[in-house]
Amino acid sequence: MTFCPADEAFARRLRDSVPEDVFRPVEARYLEEPRGLFQGQCGVLAAPRSTEEVSTLMRAAHEARVPVVPYGGGTGLVGGQIATDGPPPLIISLERMQAIRNLYPAENVMIVEAGAILADIQTAAENAGRLFPLSLASEGSARIGGNLSTNAGGTAVLRYGNTRDLCLGLEAVLPDGRIWNGLSRLRKNNLGYDLKDLLIGAEGTLGIITAASLKLFPQPAGIGTALLSVPSPADALDLLSLARDHLGDGVSAFELIDGQGMHFLAEVLPDLRLPYAEIPTWCVLIELGLAKGLDPTEALETLFGAAFEAGLVSDGLIAQSEAQRTEFWNVREQIPEANRRVGAVSSHDISIPISRIPEFLERGNAIVARIGEFRLNAFGHLGDGNLHYNVFPAKGRSKADYSNCRDVVKQAVYDLVHEMDGSVSAEHGVGRLKTADLERYGDPVGVEVMRAIKAALDPIGIMNPGAVLRSL
Ligand SMILES: Cc1cc2nc3c(=O)[nH]c(=O)nc-3n(C[C@H](O)[C@H](O)[C@H](O)COP(=O)(O)OP(=O)(O)OC[C@H]3O[C@@H](n4cnc5c(N)ncnc54)[C@H](O)[C@@H]3O)c2cc1C
């Protein structure tokens, strides 16, 4: 496809149809992403205030064949929000569309604009006595349109599902500027194909999400959090089964933490207080959210007793205050920052069928050890089978020493994931980082259908070109 740049002539045309202050200076933050893997470019940056303005901008871009990149909070980790090549695009940032349009507590539904920051949505739900359970370390910056477009996961997927599971309907602007109103509040709606499920996880390649209808939940009456040392990942999985036998859906988070991750924290973030005097080999952060009448501390103590007897845990800490709970979560949530500072040779956001995770770790570690000397940090949302399996330089060496084997490590890990019926993109998406991996590991018929859907909705191909599907 041949595109035109979002140049001065295009900007002049746009100025005739939307107010002047829709345009913003292109600050560096729109062209960078959290891990510094991609450097972007931009012709015109627009921050519209309404769905109609988004539609006007899209219509103009469609007529002029100008590529468009939708932009949320810029926290995506696979470069979907960063146009690296091709003619400089029109970036449409949703940052001014932050309104909570409506809240229906009796229906457990909230309608929000796509630029609403995830943490603000959580607070609005809480103020209405409800819970919006999506929770990620980036929730202070990520916007719901970005969460939906990446089908974000996070820490509560075990109980509440991915962002897709939390959405009842969408409003979106299609690549030709038409507005699709699918803002349903219904939990049953089988009137034809489910278009929202096409746009969710499409990473801005099929249209721009402008608003969403979200599911809310009752707030748990009591929250309990514990850090439990486990001898191995297999024991962690048995502990998860035991916890669910005891507490059913009361288990809302179950995070695996590798002792290596804690050693990294001690090494590069020494001000962070670690709750252990001696760092365990593995531990699990477990969180309960229980209904009225159930005491979470008692429930955790009973669980710990049963797990200890079964040899599944060797030690444990149960949070006795909100401050201690925050301290436990800080350990988990600062691990990505510690990883960033140590500098990974290769990072992998992967999913494995849950019961095969111990086997994956054993085989993966052996494969990586055959390639060279590394340190491994495998952590993540064990409860839903999502691991961040990250490979680091041996102590005293830097990632530059490994530049010649980075691709070998990545492919060896991905080949094993694929062989074990896993996914090489669990919660971060494809973006621009994994387009070749989608072709290599995705089902060929599935990829063909994706291209057909893209061609049907965006025949000129202006929506985020090069993201998800490699430009042919
Ligand atoms: C510290 C940290 C922790 C993280 N933890 C997690 C985690 O636990 N789980 C997880 O899943 N992710 C995690 N992420 C990744 C990231 O936060 C999520 O992918 C998030 O959903 C992206 O939202 P955003 O608003 O920042 O989107 P952006 O980064 O702005 O965009 C992401 C993609 O969505 C598209 N897009 C954005 N808005 C729209 C819209 N309105 N319509 C159409 N397309 C749009 C963009 O074009 C791009 O392709 C983490 C990131 C960081 C930095």
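Determine which single condition GLY396 fails, assuming it passes every other condition in (1) touching a strand residue (DSSP E or B) at 6+ places or on another chain (Cβ under 6 Å); (2) on the phi > 0 side of the Ramachandran plot; (3) among the small types (Gly, Ala, Ser).
(1)
Could you look through the stretch 92-110, keep only residues that are among the aliphatic types (A, V, I, L, M) and more than 9 Å from the ligand (Cβ to nearest atom), and pick out the one that is nearest to PRO5 (Cα to Cα)?
Among those residues, the one meeting the criterion is ALA99.
List every residue pair whose Cβ atoms lie under 6 Å apart, where the two residues are 6 or more positions apart in sequence or sit on different chains, the first residue falls within the stretch 81-110 and is within 17 Å of PRO133 (Cβ to Cβ), and the second residue, located anywhere, is assigned to a loop (DSSP other than H, G, I, E, B) and open to solvent by less than 60 Å² (accessible area, probe 1.4 Å).
LEU103/ALA128; PRO105/ALA128; ASN108/LEU216; MET110/LEU216
I'm trying to understand the selection: among the residues of the stretch 389-431, which are of a type in the set (D, E, K, R) and either over 23 Å from GLU32 (Cα atoms) or away from the ligand (no atom under 16 Å from the Cβ) (or both)?
LYS395, ARG397, LYS399, ASP401, ARG406, ASP407, LYS410, ASP415, GLU419, ASP421
Which residue, of GLY79, GLY74, is within 14 Å of the ligand (Cβ to nearest atom), under 21 Å from GLY431 (Cα atoms) and surrounded by 24 or more Cβ atoms within 10 Å (Cβ to Cβ)?
None of the others qualify; the one that does is GLY79.
Any idea which of (1) touching a His at 6+ places or on another chain (Cβ under 7 Å); (2) without any contact (Cβ under 8 Å) to a residue 60 or more places away in the chain is the one GLU373 doesn't satisfy?
For GLU373, the failing item is (1).
Say whether the condition of being of a type in the set (D, E, K, R), closer than 24 Å to SER50 by Cβ and either within 14 Å of the ligand (Cβ to nearest atom) or touching a residue at least 40 places away in the same chain (Cβ under 8 Å) (or both) is met by at least one residue in the stretch 121-141.
No.
Taking interchain pairs and intrachain pairs at least six residues apart, which have beta carbon atoms under 7 angstrom, with the first residue in the stretch 62-80 and at positive phi and the second crowded, with 21+ Cβ neighbours inside 10 Å and among the small types (Gly, Ala, Ser)?
Final answer for the pair search is GLY79/GLY431.
With the stretch 115-218 as the region, which helices (runs of 4 or more DSSP H) entirely inside it contain at least 3 residues that are open to solvent by less than 20 Å² (accessible area, probe 1.4 Å)?
The qualifying helices (runs of 4 or more DSSP H) are 118-127, 144-150.
Quick one: which residue in GLU113, GLU53 is modelled with pLDDT of 95 or more, out of contact with any Leu (no Cβ under 8 Å at 6 or more places or on another chain), within 24 Å of SER141 (Cβ to Cβ) and within 15 Å of the ligand (Cβ to nearest atom)?
GLU53
Given ILE318, ILE257, which one is among the β-branched types (Val, Ile, Thr) and more than 16 Å from the ligand (Cβ to nearest atom)?
Details: ILE257 fails: more than 16 Å from the ligand (Cβ to nearest atom).
Residue meeting the stated conditions: ILE318.
Kindly list the number of the only condition in (1) at pLDDT 95 or above; (2) out of contact with any Leu (no Cβ under 9 Å at 6 or more places or on another chain) that fails for LEU227.
With respect to (1) at pLDDT 95 or above; (2) out of contact with any Leu (no Cβ under 9 Å at 6 or more places or on another chain), LEU227 is out only on (2).
Return the pairs, sorted by first residue and then second, in which the second residue is assigned to a helix (DSSP H, G or I), the first residue lies in the stretch 347-361 and is closer than 19 Å to LEU438 by Cα, the beta carbons are less than 6 Å apart, and the residues are 6+ apart or on different chains.
Correct list of pairs: HIS348/VAL413; ILE350/VAL417; ILE352/PHE360.
Within the stretch 227-243, can one find any residue that is assigned by TED's automatic domain parsing to the domain that holds ALA323, without any contact (Cβ under 8 Å) to a residue 40 or more places away in the chain and surrounded by fewer than 20 Cβ atoms within 10 Å (Cβ to Cβ)?
yes
What do you reckon, is GLY36 under 14 Å from ARG432 (Cα atoms) and surrounded by fewer than 16 Cβ atoms within 10 Å (Cβ to Cβ)?
Yes, satisfied.
Condition check: of a type in the set (Phe, Trp, Tyr), at pLDDT 95 or above and not in a strand (DSSP E or B). Does PHE360 satisfy that?
Against the criterion (of a type in the set (Phe, Trp, Tyr), at pLDDT 95 or above and not in a strand (DSSP E or B)), PHE360 qualifies.
Taking PHE379, is it open to solvent by less than 10 Å² (accessible area, probe 1.4 Å) and in contact with a His (Cβ under 7 Å, 6 or more places away or on another chain)? Steps first, please.
Details: open to solvent by less than 10 Å² (accessible area, probe 1.4 Å): yes; in contact with a His (Cβ under 7 Å, 6 or more places away or on another chain): yes.
Taking the combined requirement at face value, the residue satisfies it.
So that you can scan it fast, the table gives a plain yes or no per residue for (1) among the charged types (D, E, K, R); (2) open to solvent by 60 Å² or more (accessible area, probe 1.4 Å); (3) within 29 Å of the chain's Cα centre (by Cα):
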site: THR2; (1), (2), (3): no, yes, no
site: PHE10; (1), (2), (3): no, no, no
site: VAL18; (1), (2), (3): no, no, no
site: ASP21; (1), (2), (3): yes, yes, no
site: GLU27; (1), (2), (3): yes, yes, yes
site: LEU31; (1), (2), (3): no, no, yes
site: VAL44; (1), (2), (3): no, no, yes
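Please identify the pairs in which a residue from the stretch 319-344 that is outside any helix (DSSP H, G or I) has its Cβ atom under 6 Å from the Cβ atom of a residue that is open to solvent by 30 Å² or more (accessible area, probe 1.4 Å) and not hydroxyl-bearing (Ser, Thr, Tyr), counting only partners at least 6 apart or on another chain.
ALA319/ARG325; GLY343/LYS399
Is it the case that ARG440 is among the basic types (Lys, Arg), within 29 Å of HIS62 (Cα to Cα), surrounded by fewer than 18 Cβ atoms within 10 Å (Cβ to Cβ) and at pLDDT 95 or above? Steps first, please.
On the way: among the basic types (Lys, Arg): yes; within 29 Å of HIS62 (Cα to Cα): no; surrounded by fewer than 18 Cβ atoms within 10 Å (Cβ to Cβ): yes; at pLDDT 95 or above: yes.
The answer is no for ARG440.
The values are calculated or read from the model by the stated rules, or taken from the named source; none is laboratory data. Since the model is a prediction, treat every value here as computed from it, not as a measurement. Backbone-built Cβ (ideal geometry, glycine too); neighbour counts: all protein chains shown. The accessibility values were calculated without ligands, DNA or RNA, using every heavy atom of the protein model including side chains. Shrake-Rupley method; radii C 1.70, N 1.55, O 1.52, S 1.80 Å.
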